[in-house]
Amino acid sequence: MTLSLLSCCWSAAAQTEIAAPNSRTADFAAMGRYRQADAELISARRTVKVVFLGDSIMEYWGVRAGAWFTHAGWINRGIGGQTTAQLLLRERQDVLLLHPSAVVLEGAGNDMRLGFSPEEIRDNLRSMGELAESHHIRVFVAEMTPVCDCMRPLTGLRTVERISELNSLLAEMCHERHWGLLPINRPLADGDGRMRASLTIDGVHPNSAGYALLAPVIEQALRKYR
């Protein structure tokens, strides 16, 4: 009986030890990042016009470089390092529940860096767009921005050819679905399709000059939602 009791106690302790780290890592999509901010927007009944759902390209805009848009109701929901699968998981909380008029879907660089194909990336963005559309939200999809090894090796699988292939797929998808395509690759690219060294802080993320070139592209496409 003593042995049985010890076994039960050990089993319970083991489960407790396992549960603690699991509970800390269970938030795969980092839902906790904007949960409070989203709740405050909803509670205050603030009008949300556009949500920008993306990775570090979006998150760093106005924080590490550039100036974020001054239009009321333009909400940044970028999280650095995220894949499109993670963006898809948090779309309901960070986009749909805010009832915006439009959403900008930006993301792909981390997927491609990790080996996901252009088709897989496109399909995740398609799922996000279809989900938003089903909630009567106007969909805009951003091209993947260029990458360069101008400061340190960062290209890897994010080659000019693969980025171009993805952007072609995104253009076809947007044409088919009647979504807006945000052409943010070419303003940052050199003649070979790589990120211009003068427009980046590290070879991946735009600097202030880079974001200044992207801002008019976004402004023009979303002029209806200012």
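The values are calculated or read from the model by the stated rules, or taken from the named source; none is laboratory data. What you are looking at is a predicted structure, and each value in this text was computed from that prediction instead of being measured. Note that we place each Cβ from the backbone using ideal geometry, even for glycine, and neighbour counts take in every protein chain shown. To get the accessible areas, we keep the full protein, side chains included, count just its heavy atoms, and leave off ligands, DNA and RNA. Shrake-Rupley method; radii C 1.70, N 1.55, O 1.52, S 1.80 Å.
Reported count of residues in segment 191-207, each being in contact with a helix residue (DSSP H, G or I) (Cβ under 9 Å, 6 or more places away or on another chain), touching a residue at least 40 places away in the same chain (Cβ under 8 Å) and open to solvent by 50 Å² or more (accessible area, probe 1.4 Å), is 3. Residues in segment 196-226 that are within 27 Å of Met128 (Cα to Cα) and either at pLDDT below 95 or not in a helix (DSSP H, G or I) (or both): Val204, His205, Pro206, Leu222, Arg226.
Residues that are outside any loop (DSSP other than H, G, I, E, B) and open to solvent by 40 Å² or more (accessible area, probe 1.4 Å) do not occur anywhere in segment 140-155. Restricting attention to segment 80-107, the residues that are touching an Asp or Glu at 6+ places or on another chain (Cβ under 6 Å), part of a loop (DSSP other than H, G, I, E, B) and either open to solvent by less than 20 Å² (accessible area, probe 1.4 Å) or over 22 Å from Asn207 (Cβ atoms) (or both) total 3.
Only one entry of Glu91, Glu40 meets the criterion of being among the acidic types (Asp, Glu) and within 18 Å of the chain's Cα centre (by Cα), and that entry is Glu91. Against the definition (at pLDDT 95 or above, open to solvent by 30 Å² or more (accessible area, probe 1.4 Å) and assigned to a helix (DSSP H, G or I)), how does Ala19 come out, yes or no? Answer is no for this residue. Report whether or not Gly62 is on the phi > 0 side of the Ramachandran plot and of a type outside the set (D, E, K, R). When the stated conditions are applied, Gly62 passes them. Can you tell me which residue in segment 48-61 is nearest to Asp111 (Cα to Cα), limited to those that are part of a loop (DSSP other than H, G, I, E, B), of a type outside the set (Val, Ile, Thr) and in contact with a helix residue (DSSP H, G or I) (Cβ under 8 Å, 6 or more places away or on another chain)? Selected residue: Asp55. For segment 108-139, filtering for residues that are outside any loop (DSSP other than H, G, I, E, B) and open to solvent by less than 10 Å² (accessible area, probe 1.4 Å) leaves 9. I'm told Trp61 meets every condition in (1) surrounded by fewer than 19 Cβ atoms within 10 Å (Cβ to Cβ); (2) touching a residue at least 24 places away in the same chain (Cβ under 8 Å); (3) not β-branched (Val, Ile, Thr) except one. Can you identify the failing condition by its number? Every listed condition holds for Trp61 apart from (1). Against the condition out of contact with any His (no Cβ under 9 Å at 6 or more places or on another chain) and free of Cβ contacts under 8 Å to residues at least 12 places away in the same chain, how does His175 come out, does it pass? So His175 fits the description; yes.
Return yes when Val103 is at negative phi and touching a Ser or Thr at 6+ places or on another chain (Cβ under 9 Å) and no when it is not. No.
Of the numbered conditions (1) within 18 Å of the chain's Cα centre (by Cα); (2) of a type outside the set (Asp, Glu); (3) modelled with pLDDT of 95 or more, Phe28 fails exactly one; give the number of that condition. So the condition that Phe28 fails would be (3). Consider Glu161 carefully, then state whether it is part of a helix (DSSP H, G or I) and loosely packed, with under 14 Cβ neighbours inside 10 Å. For Glu161, the condition - part of a helix (DSSP H, G or I) and loosely packed, with under 14 Cβ neighbours inside 10 Å - is met.
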